[in-house]
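Below you'll find the structure, written out as structure tokens, and then a few comments.
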Amino acid sequence: MMFFGLPYFMGPSILILLPALVLAIYAQYKVRSTYARYVRVPTARRTSAKEAAQRLLSSAGVYDVEIAETKGPLTDNYDPRKKVLRLSDPESTSVAAIGVAAHEAGHAIQHAQAYRPLVLRTTIVPVANFGTTLAMPLFLFGLLTSYQPLMTIGILAFSVAVLFTLVTLPVEFDASRRAIVALRSSGIVSEEELGGAKEVLYAAALTYVAAAAMAALQLLMLISASRRRQ
């Protein structure tokens with residue numbers, strides 16, 4: 001996330017964000033271009049994304065997850081609270097759609113098996129959202145008024161949001177690993193098609209790396225600005 005107005009308050013500290021910003025721009029380009037390439041490549045077996053997700057869930061003994069449709073490209077997600085796996089193009093037979101569906105099925109399987117990083121991420125979501133919302137207003141008000149305790153509270157609040165992005169990394173990497181293993185063993189895709197699915201998932205993973213890097217560097221920026229004000 002980017003906080004508009006920061007350059008004025010942070011001065012040279014804003015330069016800390018430049019590497020992560022470049023990575024974020026590249027990650028968005030990579031995931032969109034890779035997905036666009038493989039969404040036009042149908043699988044030989046013509047299995048739909050919805051069918052693929054259902055097969056992978058069933059093979060893992062997960063039968064209580066609903067599969068629904070969601071609007072917009074690359075909006076696929078799994079909601080552990082409602083046990084709903086949402087696919088943006090459930091009837092697509094493309095390599096990209098099946099790869100993404102398998103990834104989301106991986107999240108549902110993580111949930112069913114109480115995968116610890118996912119449990120931790122789900123637990124800290126409310127606190128992370130709270131911290132993300134209040135961190136910057138608290139910090140900026142403390143900065144403007146030179147009130148150090150308020151800046152410290154803002155930094156601590158934002159630290160929870162950083163923790164969330166860091167915990168997200170093993171969750172996403174593991175879901176992609178599960179997806180690749182399951183697609184290979186199920187025979188839903190050929191080995192060549194699996195290579196395309198891997199490219200899509202690796203490109204998507206890069207966006208999470210960029211988000212974690214951006215959050216961590218933002219935290220360093222806040223700490224640096226706080227020390228300069230002291």
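Tabulated results
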{"quantity": "Residue within the stretch 47-61 that is within 18 Å of residue 176 (Cα to Cα), in contact with a Gly (Cβ under 6 Å, 6 or more places away or on another chain) and not acidic (Asp, Glu) present", "calculated": "no"}
{"quantity": "Among (1) crowded, with 19+ Cβ neighbours inside 10 Å; (2) modelled with pLDDT of 95 or more; (3) not in a strand (DSSP E or B), the one test that residue 17 misses", "calculated": "(2)"}
{"quantity": "Residue within the stretch 171-178 that is at pLDDT 90 or above, touching an Asp or Glu at 6+ places or on another chain (Cβ under 8 Å), of a type in the set (Gly, Ala, Ser) and buried (at least 18 other Cβ atoms within 10 Å of the Cβ) present", "calculated": "yes"}
{"quantity": "Given (1) out of contact with any strand residue (DSSP E or B) (no Cβ under 6 Å at 6 or more places or on another chain); (2) over 27 Å from residue 28 (Cβ atoms); (3) surrounded by 14 or more Cβ atoms within 10 Å (Cβ to Cβ), number of the condition residue 106 does not satisfy", "calculated": "(2)"}
{"quantity": "Residue identified as of a type in the set (Val, Ile, Thr), crowded, with 18+ Cβ neighbours inside 10 Å and in contact with a Leu (Cβ under 7 Å, 6 or more places away or on another chain) among 162, 200", "calculated": "162"}
{"quantity": "Number of positions in the stretch 186-201 that are in a helix (DSSP H, G or I) and either among the polar types (S, T, N, Q) or without any contact (Cβ under 8 Å) to a residue 60 or more places away in the chain (or both)", "calculated": "5"}
{"quantity": "Single residue of 156, 183, 144 found to be within 30 Å of residue 46 (Cα to Cα) and part of a helix (DSSP H, G or I)", "calculated": "183"}
{"quantity": "Exclusive hit being among the acidic types (Asp, Glu), at pLDDT 95 or above, touching an Asp or Glu at 6+ places or on another chain (Cβ under 7 Å) and over 30 Å from residue 228 (Cβ atoms), set 64, 76", "calculated": "76"}
{"quantity": "Selection within the stretch 44-64 - assigned to a helix (DSSP H, G or I) and either on the phi > 0 side of the Ramachandran plot or out of contact with any strand residue (DSSP E or B) (no Cβ under 9 Å at 6 or more places or on another chain) (or both)", "calculated": "51, 52, 55, 56, 58, 59"}
{"quantity": "Condition met for residue 114 (within 20 Å of the chain's Cα centre (by Cα) and more than 19 Å from residue 205 (Cα to Cα))", "calculated": "yes"}
{"quantity": "Single match in 118, 150 (criterion: assigned to a helix (DSSP H, G or I) and surrounded by fewer than 21 Cβ atoms within 10 Å (Cβ to Cβ))", "calculated": "150"}
{"quantity": "Residue that is farthest from residue 192 (Cα to Cα), among those in the stretch 81-98 that are in a strand (DSSP E or B) and within 19 Å of the chain's Cα centre (by Cα)", "calculated": "84"}
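Matching residues to (1) of a type outside the set (Phe, Trp, Tyr); (2) closer than 30 Å to residue 39 by Cβ; (3) at pLDDT 95 or above:
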position	(1), (2), (3)
94	yes, yes, yes
137	yes, no, no
141	no, no, no
148	yes, no, no
152	yes, no, no
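The rows are residues; the columns are (1) out of contact with any Gly (no Cβ under 6 Å at 6 or more places or on another chain); (2) farther than 14 Å from residue 176 by Cβ; (3) of a type in the set (Gly, Ala, Ser).
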{"residue": "63", "(1), (2), (3)": "yes, yes, no"}
{"residue": "69", "(1), (2), (3)": "yes, yes, no"}
{"residue": "84", "(1), (2), (3)": "yes, yes, no"}
{"residue": "92", "(1), (2), (3)": "yes, yes, yes"}
{"residue": "100", "(1), (2), (3)": "yes, no, no"}
{"residue": "105", "(1), (2), (3)": "yes, no, yes"}
{"residue": "123", "(1), (2), (3)": "yes, yes, no"}
{"residue": "129", "(1), (2), (3)": "yes, yes, no"}
{"residue": "134", "(1), (2), (3)": "yes, yes, no"}
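The values are calculated or read from the model by the stated rules, or taken from the named source; none is laboratory data. What you are looking at is a predicted structure, and each value in this text was computed from that prediction instead of being measured. Ideal geometry is used to build each Cβ from the backbone, glycine not excepted, and the neighbour counts take in all protein chains shown.
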